[in-house]
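The values are calculated or read from the model by the stated rules, or taken from the named source; none is laboratory data. All values derive from a computational prediction rather than experimental measurement. So basically every Cβ, Gly included, is an ideal-geometry build from the backbone, and we count neighbours across all protein chains shown. Only protein heavy atoms, including side chains, enter the accessible area calculation; ligands, DNA and RNA are left aside. Shrake-Rupley method; radii C 1.70, N 1.55, O 1.52, S 1.80 Å.
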Amino acid sequence: MQLFFKKYIYLLSLSLLSFYALGQRGTLKGKVLDREDGAFLVGVNIYNENNIGTITDLNGYYSLNLPVGKQKITFKYIGYQKIIKEVFLKENEILDLDIELSDDINQLNEMVISANKYEEKLGNVPISIAIIKPTLIENKATRDAEAIIEQVPGVQINENQASIRGGSGWSYGAGSRVLVMVDGMPMLAGDANDIKWGSIPLENISQIEILKGASSVLYGSSALNGVINIRTQYPKDKPITKINISNGFYMSGYGSRKGTSLIEGDSILDQRDDQTWWDQPRGYVQGNFTHLNKINEHNELVLGGSFMKDQGYRYGSDDQRARLNGGWKHFSKSIKGLSYGLNVNTNFNKSTVFFLWAGADSVLHALDSTMSEASTERIMIDPYISYIGENGKEHHLKTRFFRTNNINNTNQGSLSDYLFGEYQFQQKFKNNATITSGIMSSYTNVISELYGNHNSTNLAAYVQGDKNWNKITLSAGMRMEYFKIDDVQSNGKLFQKALNIPFQPVFRLGGTYHPLEYTFIRASYGQGYRFPSIAEKYISTFVGGLNIFPNQNIQPEYGWSSEIGIKQGFQINNFKGYIDLSAFVTQYTDMMEFMFGFYDSNGGDIEISQILAEIQGDLTKLSNYIGARSTNIQNANIPGFEFSIVGQGNFTENLSFSTLAGYTYINPTPINADSIYLFTFSNPNLETPDATILKYRNKHMVKIDFQLDYKKIAFGLSNRYTSVMANVDDVFITPILGNEILPDYGDYRNSRMNGDIIFDARCSFSINNNSKVSLLVNNLLNREYTNRPGNVLPPRTILWQYSLKF
């Protein structure tokens, strides 16, 4: 009995103590922010081990009344990494605890918009798509978007023109098979369909999405090879201002062709003098800023700008740029879901343009008559309006006025006005189906010394449907497009069969299968086409011994691409990412390419006998008939495969690692190549013509970038490898009538038939949460390399950057 009484007293005391402890309470309060931009996070779940919890309010604040003592508090929010904090509360204590949440690093859950014109998870996209985040842009201190995009596996930029998986070679600055956009608005100029990367607001990028494959159904002509969509940031709850200043210096120029010369016995051939022509430091300085401000509940403001002055590493070549851009967006007070706004981008560029070198021993000096002074003014004015209803219906109207004014000292100026408008309707249904449709129109008017005066009109309508059944997603769409330059209009074809209608139809079909939580299998087929630009059709000029002839009879090119692939997510301790493996094939019909040959003054075909009759024995006049012309050459086939890995995570609490890497293989060959076309190749396969590699392509590409972060210090390394360019235009190698168009290039090329590997290194120190200083070395090993004949790229460059955010 006494033992029972003691146990009873003990249990009663324990219960009373527990009840007393529960009666003692304290308060935990604070705010929850986005670590990247400081925005308040609304609806964050906050709770302890006993599921006593709350959520953050509209201003990101929370207050939680808890029992006293030690306990673990969980902060959880969709799309962000979960955080658990251990706290100790005293009776009646009010403890302040502010939390910053970081994005969830499961890249398969990244949201993209470019594939189907609405937000969806990366894993559900049926075609290959790569993502570049702003942290990589900031870490590499790039001068323009071109340099950062080229770090993506399978993507190359050759003198402002993008190529995805070997879809394009070098096209002398005219025409593009890749559509470049900013927030869904095309950035290609109306006359040459070229892109000026300096006009893109690099400092305000939230994400770059790169679609690999024909995308003409949703995006039309110029998306034959893919799409690069650059998405910009929008204001959050707190105003944000970012400023970046950098200064770079070109190191000593190239000397002998170290590591790339012909070797005969113990002697190295083709030695030459140091190419450094400057006797004092040469470099560049640049700066940019952006300001994001949510003025009130109904108005947002974005401002940005940049400048750059580059002395250049080539003799006589320099570059100056300036840009200002701004955007205003208003959310209607009276009509819920209605918003409208205006974006303006104006940029100026003044430069001395380098085209071809003077010789293999003077690679940093220009060939006579190939330098020109040029200035460009571009202005884009973009009014837009959107309405998003509560019933899943969305309406978007985007318009643009785009003026490009090119001025130079060689009577090759051009003024282009481009008017663009697109209306898009989207309906999202409750059964996980989405219909996207739209109409588009554009008009271009060109007044030019280089091309003449011309205009073009483009009209299109499209529709696409997407449906998800648990683990399967299917997508299908079509587009009809009309195009006209002056009085010449499009003639529709389908599978190479003439339809006798002025509209070009294209189709797309794709799907994904999600068998396991982090496994996504995809397959897609898409058609594409590209109408010739005004520049390709009408250009007539003479540069450095090269005639460029017009071709008024050039026809559109057509193509299709197909792919199968798999994305496999993985997690190794705290390191998360995915591996992507794909096999693809692209085919072109009536592919457009600048082709060297004999032409008359109007760009028409001409027989040798007719030329001899006209020159009457004066061989000096023969050069008037030799040059390049944009021509519908052979059909082409480009199969290949690609492997890439993307990952990010923490090794320890203070040490993190991130990487973007990949290998791409392509085998680009002509189909039924004829002897006239093969005659223009530097290294044709005459025994098996269809095994000849297309010009200006690299069969192998390796891209690797990684970064280690330890507390406030970060170190990164980038690598880009391209195999040797198997074929270029033979005219650059074989003299014509004893004259070399590009002096010494044949011997120079023969000494460098082993590809190029380039390394860039970087390190940074975060002074505090708002400022960082970085030191970078580009072309770390001072490798001499070219991206096309007669154009050597920069030597080792050392630069510093200071970044401030407040």
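Here are some notes:
- Within the set Asn685, Asn727, the sole residue that is at negative phi, in a loop (DSSP other than H, G, I, E, B) and open to solvent by less than 20 Å² (accessible area, probe 1.4 Å) turns out to be Asn727.
- Any hit, segment 312-332, residues being among the aliphatic types (A, V, I, L, M), buried (at least 17 other Cβ atoms within 10 Å of the Cβ) and assigned to a strand (DSSP E or B): no
- Criterion violated by Pro281 - all others in (1) touching a Lys or Arg at 6+ places or on another chain (Cβ under 8 Å); (2) at pLDDT below 90; (3) of a type outside the set (D, E, K, R) satisfied: (1)
- All positions within segment 662-679 that are at pLDDT 90 or above, open to solvent by 10 Å² or more (accessible area, probe 1.4 Å) and touching a helix residue (DSSP H, G or I) at 6+ places or on another chain (Cβ under 8 Å): Thr669, Ile671
- Of residues in segment 613-635 being touching a helix residue (DSSP H, G or I) at 6+ places or on another chain (Cβ under 9 Å) and part of a helix (DSSP H, G or I), the one nearest to Ile693 (Cα to Cα): Tyr625
- Residues satisfying the stated conditions in segment 730-780, i.e. of a type in the set (S, T, N, Q) and not in a loop (DSSP other than H, G, I, E, B): Asn739, Asn750, Ser764, Ser766, Asn768, Ser771, Ser774, Asn778
- Pairs, first closer than 21 Å to Phe806 by Cα in segment 292-312, second among the small types (Gly, Ala, Ser) and surrounded by 15 or more Cβ atoms within 10 Å (Cβ to Cβ), C-beta under 6 Å, six or more apart: Val302/Gly327; Leu303/Gly326; Phe307/Gly287; Phe307/Ala322
Yes/no matrix, rows are residues, columns are (1) modelled with pLDDT of 90 or more; (2) on the phi < 0 side of the Ramachandran plot; (3) surrounded by fewer than 17 Cβ atoms within 10 Å (Cβ to Cβ):
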{"site": "Leu224", "(1), (2), (3)": "no, yes, no"}
{"site": "Val227", "(1), (2), (3)": "yes, yes, no"}
{"site": "Ile230", "(1), (2), (3)": "yes, yes, no"}
{"site": "Gly259", "(1), (2), (3)": "no, no, yes"}
{"site": "Gly265", "(1), (2), (3)": "no, no, yes"}
{"site": "Leu292", "(1), (2), (3)": "yes, yes, no"}
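- Checked against the criterion of being surrounded by 16 or more Cβ atoms within 10 Å (Cβ to Cβ) and touching a Phe, Trp or Tyr at 6+ places or on another chain (Cβ under 7 Å), segment 405-412 has no qualifying residue.
- Any hit, segment 349-360, residues being open to solvent by 20 Å² or more (accessible area, probe 1.4 Å), assigned to a loop (DSSP other than H, G, I, E, B) and modelled with pLDDT under 90: yes
- Test: residue in segment 743-753 that is touching a Pro at 6+ places or on another chain (Cβ under 8 Å), surrounded by 17 or more Cβ atoms within 10 Å (Cβ to Cβ), hydroxyl-bearing (Ser, Thr, Tyr) and touching a residue at least 60 places away in the same chain (Cβ under 8 Å): yes
- Filtered residues of segment 648-661 (kept if touching a Gly at 6+ places or on another chain (Cβ under 8 Å) and buried (at least 20 other Cβ atoms within 10 Å of the Cβ)): Gln648, Ser658
- Hits in segment 377-413 - residues which are in a loop (DSSP other than H, G, I, E, B) and either of a type in the set (Ser, Thr, Tyr) or touching a residue at least 24 places away in the same chain (Cβ under 8 Å) (or both): Gly389, Glu390, Gly392, Asn409, Thr410, Asn411, Gln412, Gly413
- Here Leu64 meets the list (1) at pLDDT below 60; (2) touching a strand residue (DSSP E or B) at 6+ places or on another chain (Cβ under 7 Å) almost entirely, failing just condition (1).
- Residue that is within 18 Å of Asn637 (Cα to Cα), modelled with pLDDT of 90 or more and not aliphatic (A, V, I, L, M), where the choices are Thr688, Thr692, Thr659: Thr692
- Residue within segment 422-433 that is more than 25 Å from Val125 (Cα to Cα) and in contact with a strand residue (DSSP E or B) (Cβ under 7 Å, 6 or more places away or on another chain) present: no
- The set of residues from segment 554-568 being closer than 16 Å to Ile666 by Cβ and outside any strand (DSSP E or B) is empty.
- Applying the set (1) more than 19 Å from Lys711 (Cβ to Cβ); (2) open to solvent by 50 Å² or more (accessible area, probe 1.4 Å) to Asn770 leaves exactly one unmet item: (1).
- Candidates are the residues of segment 158-175 that are open to solvent by less than 10 Å² (accessible area, probe 1.4 Å) and part of a loop (DSSP other than H, G, I, E, B); the one that is modelled with the lowest pLDDT is Ala174.
- Single match in Asn458, Asn468 (criterion: crowded, with 19+ Cβ neighbours inside 10 Å and either assigned to a strand (DSSP E or B) or among the aliphatic types (A, V, I, L, M) (or both)): Asn458
- The residues in segment 366-400 that are open to solvent by less than 60 Å² (accessible area, probe 1.4 Å), more than 30 Å from Asn411 (Cα to Cα) and at pLDDT below 90 can be counted, and the count is 2.
- The one condition from (1) open to solvent by 60 Å² or more (accessible area, probe 1.4 Å); (2) without any contact (Cβ under 8 Å) to a residue 24 or more places away in the chain that Trp800 does not meet is (2).
- Qualifying residue in segment 370-387 (condition: farther than 16 Å from Met185 by Cβ, within 28 Å of the chain's Cα centre (by Cα) and small (Gly, Ala, Ser)): yes
- Residues in segment 37-90 that are under 43 Å from the mean Cα position of the chain (by Cα), closer than 29 Å to Pro235 by Cβ, open to solvent by less than 80 Å² (accessible area, probe 1.4 Å) and of a type in the set (S, T, N, Q): Asn45, Thr54, Thr56, Gln81.
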